[in-house]
Structures are given as structure tokens and as C-alpha cells.
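Notes to accompany the following structure.
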Amino acid sequence: MSLIRFDGKIQDRFAEGILLTLVEEGPKALKEPENYDVRANVMWAATQALNGLIGAGVPQDWATHMLGHELTAMHGLDHAQTLAIVLPALWNEKRDTKRAKLLQYAERVWNITDGSDDARIDAAIAATRRFFEQMGVPTRLSDYGLDGSSIPALLAKLEAHGGTNLGEHQDITLDVSRRIYEAAR
């Protein structure tokens, strides 16, 4: 399989700046909900993350969102909850094809530089999970009272909605999606 390659330094740094801002300002927003400057920074970060600029000209992986949409439709979880559930499991499942970006993320967002590649990836995924939980967003299906019994129905809905080849390489098949949902339990 040929992997899409693009050296999007500007897009990467812009995305990393958004993430660093959210990591810095998110906890403050919870602690100081009336702090206008903190809220403005969080809202500005969200606007920049969603306006298309950071994805311009580079491969994009929307699988986390697609898997999350099915959780929202079936179980009524909000989008933040579904992203927090799916993202760590997806990154762990796709760690080999996302290795370079995950290592870059570990270093640039979380300042994780020690250990083997796999140890740094594990640490970055764990740091991401801790951040979501620090923000009050649980990261496992079981945290929402879901035992995984709906996974076959979620996969059927994914298939019905054309979600059979997701990700920037279209290599997240229904079987891979099943493994992601299972790992998110």
C-alpha cells in the first residue's frame, strides 16, 4: 500500500499550537468559568481547529469522528465524549501507520522525549487520556455504562452509512473499527 506523504510543517505547527493552548487553558476554563480571556482562548482554538486551515493540503483522518457519530446516534453521547472514547483506542490500533505523527505529537505537545518509540507513543496516548479525564470527559465506554454489547449494531450502522474504509489511507475497515470499539470498552 502506498502511504500518502506530505510535509505540512505549517499545518502541523498550527495544530500543535492549538493543542498546546487547549492543554494550558482547558483546566483554567473549568477552574475559572467566568474568566473571559481563558474562555476566549478556548473558543479561538476551537474555531481555528474547525475552520479547515490546519487540514488544508494534508491527509486527514476523520475516522474518530465517524466512529463517534455512531456512538452519538445509538447512545446519545455528545461529540466530546465520543472523541475521548474513540481517539486513544484508534491511535493504539493504528500506531504503526501513524508512528511518525504520534512520536511528533508526543514530543511537541507533551514534551515526551525519553524511552523507546513505543514507550513514547504509549505515554502520549496516556497523557491524552489523562487530559480528557482532567477535563471531566471519561474515556471508556464502560465509564458511560456501556459494556460493548452494541458493537455489532454500531458496525452495522457504520456499514449502512458507508463507513467501511475510513481514515487517511482508507484502511480502517469494519474489522479494524470493531477492534477500536472493543479496545474502547
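A few notes on this one:
Residue by residue, here is whether (1) more than 20 Å from His79 (Cα to Cα); (2) of a type outside the set (Lys, Arg); (3) touching a residue at least 12 places away in the same chain (Cβ under 8 Å) holds:
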site	(1), (2), (3)
Gly115	yes, yes, no
Thr139	no, yes, yes
Gly162	no, yes, no
Asn165	yes, yes, no
His169	yes, yes, yes
Leu174	yes, yes, yes
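- Residue count for the range 126-185, restricted to those that are closer than 21 Å to Asp96 by Cα and in contact with a helix residue (DSSP H, G or I) (Cβ under 7 Å, 6 or more places away or on another chain): 17
- Residues in the range 99-140 that are among the charged types (D, E, K, R) and either at pLDDT below 95 or within 15 Å of Glu16 (Cα to Cα) (or both): 3 in all.
- Qualifying residue in the range 125-136 (condition: of a type outside the set (Asp, Glu), in the same structural domain as Leu83 (by TED's automatic domain parsing) and more than 17 Å from the chain's Cα centre (by Cα)): no
- Residues in the range 1-58 that are of a type in the set (Ser, Thr, Tyr), modelled with pLDDT of 95 or more and either in the same structural domain as Arg129 (by TED's automatic domain parsing) or surrounded by fewer than 16 Cβ atoms within 10 Å (Cβ to Cβ) (or both): Tyr36, Thr47.
The values are calculated or read from the model by the stated rules, or taken from the named source; none is laboratory data. Because the structure is predicted, anything quoted here is derived from the model rather than measured. Cβ coordinates were reconstructed from backbone atoms using ideal geometry, including for glycine residues, and neighbour counts include every protein chain displayed.
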